[in-house]
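The values are calculated or read from the model by the stated rules, or taken from the named source; none is laboratory data. Not measured: the values here are computed from a predicted model. Glycine gets a Cβ as well: all are built from the backbone with ideal geometry, and neighbour counts include every protein chain shown.
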Amino acid sequence: MKNIVILISGRGSNMEAIVRTAQKEKWPARIAAVISNRADAAGLAFAASHGIATSVVESKSFSSREAFDATLQKEIDRYAPDLVVLAGFMRILTEAFVNHYAGRMMNIHPSLLPSFKGLHTHQQALKMGVKVHGATVHFVDVELDHGPVVAQAAVPVLPDDTENTLGARVLEQEHIIYPRAIRWFIEGKVRLEGGIALVQD
């Protein structure tokens, strides 16, 4: 039975999708904990209501990223995670933290990486006039919004799209591909080779 720890900063809609899918599909894994850097993160209540351990490591209580990451790492490691999942966790992580979880930490980004890194990806897509947008699940490495791609989903950009309508359509796909990618990992269907994630489905 593999252990998964999910990190959130807000409502955690991707976390909810992962928890619901894991329960529905009866994964050979357990969501061991949901941890937030904000005590007011709405997703904590959802996790607790589903019998999942929750904890908070307040990022604003630390004077440096290094100090925060070191404390967060200790809290995560209490649950002996096989996989750490970033689900709307709004922190830039230090190199030491990322390296500690190398090959066992995933993130989802609302664009088709390597396009549109950083924030406001839907706004960036509309400004550039692209015809296709989407989301990417990737292993985390030391570069921001970078790392071996595990899964992607594309959506069309419609002529009347706004940031909100495009974002909502992308989010629907996030809720599909993130649980799928995590299940692949759990089942041993993902391997890293030469900096590329190879998936055997």
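Taking (1) touching a strand residue (DSSP E or B) at 6+ places or on another chain (Cβ under 7 Å); (2) touching a residue at least 40 places away in the same chain (Cβ under 8 Å) in turn, Val56 satisfies each apart from (2).
When the strands (runs of 3 or more DSSP E) confined to the range 1-91 are screened for residues that are under 19 Å from Trp184 (Cα atoms), those reaching at least 1 such residues are found at 2-8, 29-36, 83-86. Based on what the data block shows, is Gly43 buried (at least 18 other Cβ atoms within 10 Å of the Cβ) and either aromatic (Phe, Trp, Tyr) or closer than 24 Å to Asp145 by Cα (or both)? In short, yes. May I ask you to say which residue of Ala33, Ala102 is farther than 19 Å from Ser9 by Cα and among the aliphatic types (A, V, I, L, M)? The conditions single out Ala102.
I'd like to know if the range 107-118 contains one or more residues that are out of contact with any Pro (no Cβ under 7 Å at 6 or more places or on another chain), closer than 20 Å to Ser9 by Cβ, at pLDDT 95 or above and surrounded by fewer than 18 Cβ atoms within 10 Å (Cβ to Cβ). So far as the range 107-118 goes, yes, one or more of its residues are out of contact with any Pro (no Cβ under 7 Å at 6 or more places or on another chain), closer than 20 Å to Ser9 by Cβ, at pLDDT 95 or above and surrounded by fewer than 18 Cβ atoms within 10 Å (Cβ to Cβ).
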